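Let me begin by presenting the structure, written as structure tokens, before commenting on it.
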Amino acid sequence: MKPSPPAPLRSAPARAWYPALTALFLTACGGPSGPIGPNDAGPAGAQVAVFPPPEQLVDDRKVEALATGTPTDKPVGAPTARVLGIGPTNVPSSIRFVFDRTMRTFDERDLAAEIVSVEPSVSGKLRWLDARTLELVPTSPFQPASRVEVKLVAAQAEDGTAATPVTWAFVSTPLHVALETGSLMYPNAMMPDGSIALTASLPIQADALRAALELVDGASKEDLVAWPTRGTRTEFALTEIADAGAAPTASANSPATPGSGRLWRVTPQGGFKVGHWYRLRVAAELRAAAGPLPLGSELTAYYRGPEPLSVSDVACGWPVCTPGDRWVVSFNAELDPSSLAGCLRVAPALDLGEPKVEGWSVVVSPKGARVGTEYRLTVTNRCKSTIGERLATPFERRIRIEEPRASLTFPDGTGFLAAQPDAPPTVEIGAAHTGRLTIGTARIDRAALPTFLAENLESWSGFSFATAKADKTRVVEPRDPEQQIPVA
């Protein structure tokens, strides 16, 4: 029994404008009139077509739903077929030939080159999904980093007319390379372990990768970007990452496991130099261990060595420095604790206690600081970072010690209104304070509340007691901070 004729694939008007729309899409995305990406590159000097060809651009998500019936108009001439790749672009799970008419079918059989040929060869099955759709299902993987050509060699229509041969090509699992950090627009600092991580989509031989890498040292990023020939070539160590804990976060389109030949570290000989910039270039000729096609396009990234050690800030309390405050000196890198002796100097002389490293800061707790005295804190070049870089320029900051300013804090973070059934509302504030406080109280009845709020409510900062007029005030001397001050 012959299969029932299905509905048309596309109407004639749709087929008329579809190639024009496809050409516009290719131009915008880097097709024939735009740049050729890594997936499109072939061996040096070879003329490689853009893949997939414009007439084969089909949304994979819609392929399964395409009808494969008899067209509205009776086809003339030799049978023709469109080729559809099903599944991922670079690793199709099947390939379909959709004919413009009913064809002579056969039972499922092994892939035969006299019907459909594949180069490089794979094993597979041929089957007819219906009278117009022949499907190739590969049962072995395509060779990676290869230009795969699938050709319909022979097929016949019901009347015996031979179909026009058609060839479809794609790049199978192309080679991609990703660098963990660094870019032209957003240069990153050196890696924590002093190396650059490289991830490849396919296994690479160490010798091939080493030959494709170039590391250049320069005085500034501007020189390295503007003048590709400037800079000094730097020797580097290339090692494969075998430890899962050291695996980079960068992606080369598919996950990689340590020891797979896809994860590598590039380390400049002698480490990154302080204040220098580096350009890492991966040549377009780099090839994977399997597959003839190279990377296809050059990859370049820029890295910054450690910045010269410098002081970022000095802080000792807010809003003023008081006798009991810690002094915090912040740097742009972590300091070596062994360099703290003599790192800080103060005049007049003051016991700074034992300096401690906290992150990228050095913290001291001075003893005997006197109110009204101005101290000159000097950060000397004895300070040294964990990579051995000493402070390039001594830093000086003057610190004046003042009396603690009056402050009010709420132990539980809140104040509250307590309404009594037979008495006016009262306000209670439980507070601990560190200096002399002036406390004002005011009683506001309901009739006066709108006026009070209008005078004291600020649109941008809300209500402020600081501007409110008090009925009476009283001064409270410093007391035990554990005690509370009730105000009614």
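What the table shows:
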read-out	value
Check on I401, on the phi < 0 side of the Ramachandran plot and more than 40 Å from the chain's Cα centre (by Cα)	yes
Residues within region 71-81 that are buried (at least 20 other Cβ atoms within 10 Å of the Cβ) and either out of contact with any strand residue (DSSP E or B) (no Cβ under 7 Å at 6 or more places or on another chain) or in a loop (DSSP other than H, G, I, E, B) (or both), tallied	1
Flag for L179 being surrounded by 15 or more Cβ atoms within 10 Å (Cβ to Cβ) and modelled with pLDDT of 90 or more	no
Yes/no for P192 being within 30 Å of Y302 (Cα to Cα), outside any strand (DSSP E or B) and modelled with pLDDT under 95	yes
Which numbered condition Y302 misses (of (1) out of contact with any helix residue (DSSP H, G or I) (no Cβ under 8 Å at 6 or more places or on another chain); (2) under 30 Å from A208 (Cα atoms))	(1)
Strands (runs of 3 or more DSSP E) contained entirely in region 262-340, each with at least 1 residues that are within 17 Å of G359 (Cα to Cα)	311-315, 327-331
Among (1) closer than 22 Å to P292 by Cβ; (2) at pLDDT below 50 - the single one D60 does not satisfy	(1)
Of the criteria (1) among the hydrophobic types (A, V, I, L, M, F, W, C); (2) surrounded by 12 or more Cβ atoms within 10 Å (Cβ to Cβ); (3) farther than 20 Å from L295 by Cβ; (4) over 23 Å from the mean Cα position of the chain (by Cα), which one V216 fails	(3)
Region 436-466, subset at pLDDT below 65 and of a type in the set (S, T, Y), residue surrounded by the fewest Cβ atoms within 10 Å (Cβ to Cβ)	S459
Residue in region 135-148 that is more than 24 Å from S201 (Cβ to Cβ) and of a type in the set (K, R) present	no
Residues (free of Cβ contacts under 8 Å to residues at least 40 places away in the same chain, touching a Pro at 6+ places or on another chain (Cβ under 7 Å) and within 18 Å of L350 (Cβ to Cβ)) located in region 374-407	Y375, T378, T380
Which listed residue, of L295, L352, is touching a His at 6+ places or on another chain (Cβ under 8 Å) and not aromatic (F, W, Y)	L295
Residues (surrounded by 15 or more Cβ atoms within 10 Å (Cβ to Cβ) and not in a loop (DSSP other than H, G, I, E, B)) located in region 360-389	S361, V362, V363, V364, Y375, L377, V379, K384, S385
Test result for V357, at pLDDT 90 or above and either assigned to a strand (DSSP E or B) or among the β-branched types (V, I, T) (or both)	yes
Subset of region 228-254 (residues that are surrounded by 11 or more Cβ atoms within 10 Å (Cβ to Cβ), among the hydroxyl-bearing types (S, T, Y) and at pLDDT below 80)	S251, S254
Among (1) modelled with pLDDT of 95 or more; (2) under 20 Å from A284 (Cβ atoms); (3) not charged (D, E, K, R) - the single one L134 does not satisfy	(2)
Hits in region 148-176 (condition: outside any loop (DSSP other than H, G, I, E, B) and closer than 27 Å to V91 by Cα)	V148, E149, V150, K151, L152, V166, T167, W168, A169, F170, V171, S172
Scan of region 286-296 for residues that are surrounded by fewer than 15 Cβ atoms within 10 Å (Cβ to Cβ) and not aliphatic (A, V, I, L, M), ordered by number	P292
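The values are calculated or read from the model by the stated rules, or taken from the named source; none is laboratory data. Since we're looking at a predicted model, the values are computed, not measured. All Cβ positions, even for glycine, are placed from backbone atoms using ideal geometry, and neighbour counts span all protein chains on display.
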